[in-house]
1. Could you give the length gained by full extension between H213 and Y142, i.e. 0.36 nm per residue of separation minus their alpha carbon distance, to one decimal place?
2. With +1 assigned to the C-beta of every Lys and Arg and -1 to the C-beta of every Asp and Glu, and no other charges, what is the dipole magnitude of the range 181-258 about the Cα centre in debye, to the nearest 20?
3. With a Förster radius of 35 Å, plug the Cβ-Cβ distance of E225 and K151 into 1/(1 + (r/R0)^6) and report the FRET value to the nearest 0.05.
4. So what are the range 144-242's ellipsoid semi-axes, whole angstrom, largest first, if each one is the square root of 5 times an eigenvalue of the alpha-carbon gyration tensor?
5. Once ligands and nucleic acids are excluded and a 1.4 Å probe is used, how much of D265 is accessible, expressed in Å² to the nearest 10?
6. A459 to L132: FRET efficiency via 1/(1 + (r/R0)^6), r the Cβ-Cβ distance, R0 45 Å, to the nearest 0.05?
7. Could you calculate the contour length gain from L188 to E236, that is, 0.36 nm times the residue separation minus the distance between their Cα atoms, to one decimal place in nm?
8. So for K151, K443, K286, what's the accessible-area order with a 1.4 Å probe, most first?
Amino acid sequence: MAPPNSGVHHISNPCIYERKSRFMKWLGKLFKSGSNRGGARGGVGGRAHPQLLGEENVVWSAPARSVDDRSRTGKERGDAIALAMAEDWKQPSGCSRGTNDQDLARSLQDTLNSSSFPSHGTTQCCPRNLRLCSGCHRDIGYGNYLGCMGKYFHPECFCCRSCGYPITETEFSLSGNDPYHKSCFKELTHPKCEVCHQFIPTNAAGLIEYRCHPFWSQKYCPSHEHDNTARCCSCERLESRDARYYSLEDGRSLCLECMESAIMDTGDCQPLYHAIRDYYEGMNMKLDQQIPMLLVQRQALNEAIFGEKNGYHHMPETRGLCLSEEQTVASIQKRPRIGGHRLVGMRTEPRKLTRKCEVTAILVLYGLPRLLTGAILAHELMHGWLRLKGYRNLNPEVEEGICQVLSYMWLESELPGSKGMPSTSTSAASSSSSSSSSKKGEKSQVEKKLGDFFMHQIAHDATPSYGEGFRSANAAVSKYGLRRTLDHIRLTGNFPL
């Protein structure tokens, strides 16, 4: 294949003179310089290949010389040739030269004027005083640039706001005035499932649909609600692919954070139980009877609920029960040991509960964190106190509501400064909590967060008896105090307005 036209015509059979004149030496230099310039224009590297970034972007090429500049340069060269010829004719008569020098010079002059410069199409120039790069804030000058969003960039300065690398694809994403690679923008904005760690898929309508826990803000694919993904029985969070939960023997799962403070057997729970009884006594609500307390498995609790005639139970799963009937219950006497990610080796012992008063026993699910176990105990002890003090035939909203208030108040005493609803504690409760808190060590941030969640559960419960009942009872206690509210319930069976 023939090489590209360099823009300069080379003579294939040049005239050979016996002696080179000064004119011919100058002419040789002229041919050499013209050939170099022509090659620079016509070679492969003479033009940069612009890059287009999107339909709205504009690419400008480097400007070429104008036609007037080329004609002026050609005229100057013709004048130089004529001047050189005149100087050559002034040489002494003894210097001989070929007879065709003058004709050859004229021919070369016509050739240079007509074909020594290639023809150029119309090119767009970028005025130096109008183009500043919005990336490096320097003058773009004579070179390729990109126009986008009313701004101008060097191609290497048009970079992704996220990763910092230049955007070379024909499509990109915009957020405000910030450009992004499409992949980087998806990584920043498309929600990922916190269970499987994949991008949450779109539904049939093309919308991103996911579930989000109201307290923990854990986002996950809707499919994980039905694919047997483990859920912590305490904090309700789903098990992620990079964190294994512990499996309890009764089929429940427990996350690692809840496992840190979990109470596993009846003996371990006795100090907490006595501390909550002391809390009641500090509010002048002493329990006159010694009510047995047992930690049990889920099956034993469900069987006890089936045999219980009184009371209203929180569904779908009850975690505590105040018994008023005589029953035989399997109590956990030896805490299980950890075997891999399972708790095994639990020992239970059947215990016959006889009725000596209005309350037979208090049952609580084993394996729950200390604060949740204490909140359940505070709730069930209030049921026992109401029955022992002769509060009869209360409707579920009133009885469960005031029991939830005592549970919430105990959590408040354990977590001073927690972010919950307005405090329901009376002055007596505050003094009791301050004395009991001084006996306890400082809680970890994990336990404090769990305590906030348990308070959130009570405050935002959606059920009529536990949720609406708590909010009505909390409003009454906040307005009239706990003692006056209880007196009003004894007389009327309802909360004071």
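1. Roughly 19.9 nm would be gained on extension.
2. 340 debye
3. Efficiency for this residue pair is about 0.15.
4. 39, 13, 11
5. In the full protein context, D265 sits at about 10 Å².
6. 0.20
7. Gain on extension, L188 to E236, equals 14.6 nm.
8. K286, K151, K443
The values are calculated or read from the model by the stated rules, or taken from the named source; none is laboratory data. Since the structure is predicted, the reported quantities are computational estimates derived from the model, not experimental observations. Every residue, glycine among them, receives a Cβ derived from its backbone with ideal geometry; neighbour counts consider all protein chains shown. Each accessible area value is taken on the protein alone, full model and side chains, heavy atoms only, with ligands, DNA and RNA left out. Shrake-Rupley method; radii C 1.70, N 1.55, O 1.52, S 1.80 Å.
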